[in-house]
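Okay, structure first, notes after.
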Amino acid sequence: MGDQDHPQVPHRGWRAMALHTRMLIGFMVGALAGMACYAWAGQAPWLDMVVAYISQPVGDLFLRLLFMLVVPLVFSALVLGVVEIGDPKLLGRLGLRTLLWIIAVTAIAVTIGLVLVNVFQPGRGLPAEVGEHLLAQASQRAGDIAARREALSARELLLNIVPTNPVNAAASGNLIGLMFFALMFGIAATVLRTDGTRTFVGTVQGVYDICLRLISWVIGLAPYAVAALLFTLTARLGWDVLGQLARYVGVVVLALGLQTFVVLPVLVRFLGGVRARAFFRGAQTAMLTAFSTSSSSATLPTTLQAAEHRLGVPKRVSRFVCTLGATANMNGTALYEGVTVLFLAQFFGVDLSLLQQMVVLLICVLGGIGAAGVPGGSLPVIAMILGMFGIPPEGIGLVLGIDRFLDMCRTALNVTGDLAASVVVARSVGETVVPVTEPAL
Ligand code: ASP
């Protein structure tokens, strides 16, 4: 990462460890301390104070620092990505292959999820009184989410790709709109080679470099932030809800695990020519960041670093694929949407035929593209799908209590999927991908 231009000062101890090792330590310390405090103090006021005044603000600060960089990074990475590709034909090939990958691999993920829900039937195993209790507990939030789905329609989702005002799109978190604008800008800057456009591209390069430097500073805080985020979660969550919904949680985690640790490495090995070990070693920091932040967008800076500096994916491919992938390529989210819709259908006794399940699959693939890369981004999409099949959208309240934990797991898969896509797409357009073996961080 970007310290090459500084004389290297040998570090000792903690600072000498690779970043992902430090993050792993932060992760364990935070999780164990949180669980111990929960077991020991439960709902004690002092624990609430520690969470409210220490661990939560520290975690939030880290998230805000990452989010702060997302808009300039998305814009500059995409403009430069397109300009570096240079040739509109190659851009077309890259775009097409990325799209193909997104659709095919997301469909595999959702299929795994749907098959497992049909086999294990988690919705039929849940006692009605537990269900009612959970629904009553989360009714307020579930109602809000169900109301938000009104704002979502397939037509609006498609139209929103083209923003009427790019500044507004950036300000309101419409990243797809911002990406569309950046892609158009990049294409025009490639076609039109004047002094002015060259200066513009140089400036955008400056913005990108500055973002990377800022990110390397922010990422240095990751081990502490990860500890704080995990502490907040485990000290607050406890494990009761997890136990009540054990079968559902088990199905989601199993399906996510199969996609992350079986499907993706096989594809990366055979289509991308990179071994599973090297792939996961390179992806580790990004996976941990995704797991701790539950946000693909907040993880984007780390994803780009992992792709370029650890996996050795050429910049012109990684910038395009990973940046687009952070909002559009969501294996984990689509899988989760499918499992949850079927789980709730089972719970409410709504029978979905095979054909209807195929429609769910299709919508989930689109839902993976449409969901925002923020914590809980898929919930409004799930509420929309539930409504389409006559399942009460408020049923989402049943799973809200454990959503954060499952969000962490599915976001880790989303980001792993982006990195896998960058490796395979790079190889498919004739680039060589050579993962770095030495710890570079
Ligand atoms: N948190 C997920 C992400 O950012 C989106 C979701 O599934 O809620 O990738």
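List of remarks:
- Residues in the range 193-234 that a label on residue 64 would reach, taking backbone N under 17 Å of a point 7 Å out along Cα→Cβ: 218-219, 221-222, 225-226, 228-229
- On the beta carbon distance between residue 404 and residue 194, with R0 = 60 Å, the FRET formula returns roughly 0.75.
- Each peptide in 107-117, 333-343 gets a packing score, the mean of other Cβ atoms within 10 Å over its residues, and the list from highest to lowest is 333-343, 107-117.
- The mean sequence distance of close C-alpha pairs (under 8 Å, at least 6 residues apart), as a share of the length of the chain, puts its relative contact order at 31 percent.
- Residues in the range 86-95 carry Karplus couplings, in order, of x, 8, x, 5, 5, 4, x, 5, 4, x Hz; the curve used is 6.51 cos²θ - 1.76 cosθ + 1.60 with θ = phi - 60°, and Gly or Pro positions show x.
- The range 269-375, relative contact order [Cα under 8 Å, separation at least 6], %: 30 percent
- Between 26, 373, 125, the residue with the greatest mean-square fluctuation in the GNM of the chain (Cα pairs under 10 Å linked by springs) is 125.
- Peptides 299-308, 266-275 ranked from most to least packed, by the mean per-residue count of other Cβ atoms within 10 Å: 299-308, 266-275.
- Over the Cα atoms of the range 283-331, the radius of gyration divided by the Kirkwood radius equals 0.94; this is the Rg/Rh ratio.
- Counting Lys and Arg as +1 and Asp and Glu as -1 over every other residue whose Cβ lies under 14 Å from the Cβ of residue 348, the net charge comes to -2.
- Amide H to amide H, with H built 1.01 Å from N, residue 373 comes under 5 Å of 297, counting only residues 5 or more places away or on other chains.
- Global size of the chain as Cα Rg and Dmax, reported in angstrom: 21.7, 70
- As a rough footprinting exposure proxy, the listed residues 38, 248, 53 were ranked by other beta carbons within 10 Å of their own, and the order from fewest upward is 53, 38, 248.
- Pairwise FRET efficiency - residue 436 versus residue 100, Cβ, R0 = 30 Å, nearest 0.05: 0.60
- In nm, spacing of pseudo-spin labels at residue 261 and residue 93 (7 Å Cα→C-beta vector): 3.7 nm
Here, each number is a calculation from the coordinates, and none is a lab measurement. Quick caveat: nothing in here was measured; it's all calculated off a predicted structure. Note: ideal-geometry Cβ built from the backbone for every residue, glycine included; neighbour counts use all protein chains shown.
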